[in-house]
1. Just to be sure I understand, how many residues within region 166-196 are modelled with pLDDT under 90 and open to solvent by 40 Å² or more (accessible area, probe 1.4 Å)?
2. Among the residues of region 203-224, count how many are assigned to a strand (DSSP E or B) and open to solvent by less than 10 Å² (accessible area, probe 1.4 Å).
3. Please specify each residue of region 47-63 satisfying the condition of being within 18 Å of the chain's Cα centre (by Cα), of a type outside the set (Phe, Trp, Tyr) and surrounded by 13 or more Cβ atoms within 10 Å (Cβ to Cβ).
4. Yes or no: region 32-41 includes at least one residue that is at pLDDT below 95 and closer than 30 Å to Leu209 by Cβ.
5. Can you work out which of the residues in region 154-165 that are open to solvent by 40 Å² or more (accessible area, probe 1.4 Å) and not small (Gly, Ala, Ser) is modelled with the highest pLDDT?
6. Just for region 18-46: of the residues that are outside any loop (DSSP other than H, G, I, E, B) and charged (D, E, K, R), which one is least open to solvent (accessible area, probe 1.4 Å)?
Amino acid sequence: MLSQFLNFFYPRSCISCGNVLKQHEQFLCLHCLHNLPETRYHEFVQSPISQLFLGRASVEHTGTFLFYKKGNQVQKILHHLKYKGVKEIGVFLGNMYGAQLIQHQKWKTVDVVIPIPLHKKKEKKRGYNQSEWIAKGLSAGMQIPYNTSLLMRSEFTETQTKKSRFHRWQNVKEVFQLTDLNALRNKHILICDDVLTTGATLEAAIQKLSVVSGIKISVITLAVAQ
């Protein structure tokens with residue numbers, strides 16, 4: 001009753017189209033939810049994302065949930081997730097995608113989800129790490145744990161937004177540190193991030209993790225830039 005009362009005076013709106021949400025809807029109206037531009041890359045034997053890492057980093061499987069391009073609904077969703085404090089949308093969509101992943105045998109061997117970390121200064125300024133909230137959703141959907149303490153960001157870096165592929169790599173190639181190699185040994189790790197552009201940040205994380213004996217690394221992002 002309290003929820004209905006609050007919704008009457010302060011109606012919740014879809015973060016994609018702005019329409020008022022119905023009582024059973026969360027973050028996105030059913031129309032926007034059903035029209036999300038899904039990639040289905042996780043079903044591919046070799047997804048287009050895998051091509052980004054050829055000769056650069058060794059990965060088992062790759063996937064991304066949604067197509068991102070300027071002006072589309074995914075851009076709006078990511079903007080709310082990253083800059084508007086709507087971190088719960090990361091859990092919501094991560095859970096949806098995790099439930100899809102676990103339907104395929106190759107994703108059932110994943111042991112733990114690890115989000116790409118932010119530097120403590122950047123996380124303090126933003127208030128949260130958006131990739132961690134995606135990891136929480138993937139963890140729930142796949143019914144496996146997630147961990148935010150095994151991979152750390154040791155250096156503060158400038159924003160990657162306007163950098164070229166080479167300069168993105170130069171910006172992040174030595175920023176990650178591992179805290180417990182034994183905890184990762186012989187494990188299948190799923191690294192997750194919000195959006196994939198050049199793959200430089202993910203490549204740097206993969207290369208750092210690859211020093212661990214027996215490790216297998218797969219990659220998931222919430223979206224990929226078109």
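The values are calculated or read from the model by the stated rules, or taken from the named source; none is laboratory data. None of these values were measured; they are calculated from a predicted model. Counting neighbours? That spans all protein chains shown, and the Cβs are built from the backbone with ideal geometry, glycine included. For the accessible areas, the whole protein counts, side chains as well, though only heavy atoms, and no ligand, DNA or RNA atoms are used. Shrake-Rupley method; radii C 1.70, N 1.55, O 1.52, S 1.80 Å.
1. 6
2. Residues of region 203-224 assigned to a strand (DSSP E or B): 216-224.
Next cut, open to solvent by less than 10 Å² (accessible area, probe 1.4 Å) only: 217-223.
Here the count works out to 7.
3. Residues satisfying the conditions are Ser47, Ile49, Ser50, Leu52, Val59, Glu60, His61, Thr62, Gly63.
4. Within region 32-41, the first condition is being at pLDDT below 95, and the residues that meet it are none.
No, region 32-41 contains no residue that is at pLDDT below 95 and closer than 30 Å to Leu209 by Cβ.
5. Glu155
6. Looking at the filtered set, the residue picked out is Glu38.
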